[in-house]
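Below is one structure, written out as structure tokens, with a few remarks after it.
The values are calculated or read from the model by the stated rules, or taken from the named source; none is laboratory data. Predicted, not measured: the structure shown is a model, and the values here were computed from it. Cβ placement follows ideal geometry from the backbone for every residue including glycine, while neighbour counts extend to all protein chains displayed. Surface accessibility is based on the protein's heavy atoms, side chains included, excluding ligands, DNA and RNA. Shrake-Rupley method; radii C 1.70, N 1.55, O 1.52, S 1.80 Å.
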Amino acid sequence: MVAYVGRRAVYVTLVSTGRGGLGDPETTQATVRGSFMIHHKDVTSTMDGEDDSAADSYALRDVPFVQYFHKGFALHGTYWHDEFGRLRSHGCVNLAPIDAAWLFEWTDPVVPPDWHGVINKERGTVVIVRQ
């Protein structure tokens, strides 16, 4: 992942994206590709899901620094693995907690002090996901 101000890179880190690689995110665990805007941020969130097999179901509490950019797809901190740079997620973009914290503070919409989250569909940092 590279964060830019204009054409200048200001932050670079490894991430883990969807296990489905370049597949269809509607039918696989791929990360959706395209240009989006961060519209919802939470300091922490519960994430859960059931896939085709019970072995692949998950329920994760207190996922840190969650930033939704398209439907249920989000950038977020990940405390349950450290395999950044590999396909690993169910479709979200997984970051190390320290990287997720930096990105959360850097992006819009801003979460005001003492708030847990914010929803704003009019203004948010652009997220471009490509291969």
### D82 paired with T27, simple spin-label distance in nm, labels 7 Å along Cα-to-beta-carbon
3.8
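Could you state the accessible area per residue of the chain in Å², with a 1.4 Å probe and every protein chain left in place?
Here the per-residue accessible area is 61 Å².
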### Query
For the range 1-125, what % of the accessible area comes from carbon and sulfur atoms, probe 1.4 Å?
52
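Please work out how much length the chain gains when fully extended from D108 to V10, using 0.36 nm per residue of separation minus the C-alpha to C-alpha distance, in nm with one decimal. Could you put the intermediate results ahead of the total?
Values: separation 98, 0.36 × 98 = 35.28 nm, distance 1.55 nm.
Extra length from D108 to V10 when fully extended: 33.7 nm.
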### Message
For the range 1-89, give me the percentage of DSSP beta bridges that are antiparallel, rounded to the nearest 5 percent.
### Response
95
### Query
For labels at S57 and V2 in the simple 7 Å Cα→Cβ model, what's the distance in nm?
4.2
### Message
Test of understanding: what is the full-extension gain from V43 to R123, defined as 0.36 nm times their sequence separation minus their Cα-Cα distance?
### Response
27.0 nm
### Message
Under 5 Å between amide hydrogens, which residues at least 5 positions from Q29 or on another chain qualify, with H placed 1.01 Å from N in the peptide plane?
### Response
G20
### Task
Quote the Stokes-Einstein diffusion coefficient, in whole µm² s⁻¹, for the chain, based on the Kirkwood radius over alpha carbon pairs, a temperature of 10 °C and a viscosity of 1.306 mPa s.
106
### Task
Write out the trypsin sites (Lys or Arg not before Pro) in the range 23-131 meeting two conditions: DSSP loop, and at most 16 other Cβ atoms within 10 Å of their Cβ.
R33, K71, R86, K121, R123, R130
### Task
Search the structure for amide H atoms under 5 Å from the amide H of V127, placed 1.01 Å from N in the peptide plane, and list their residues when 5 or more places away or on another chain.
F36, M37, I38
## Note on the structure
Applied in sequence order to the range 29-37, the curve 6.51 cos²θ - 1.76 cosθ + 1.60 (Karplus, θ = phi - 60°) yields integer Hz couplings, x standing for Gly and Pro, of 8, 8, 7, 4, 10, x, 10, 9, 9
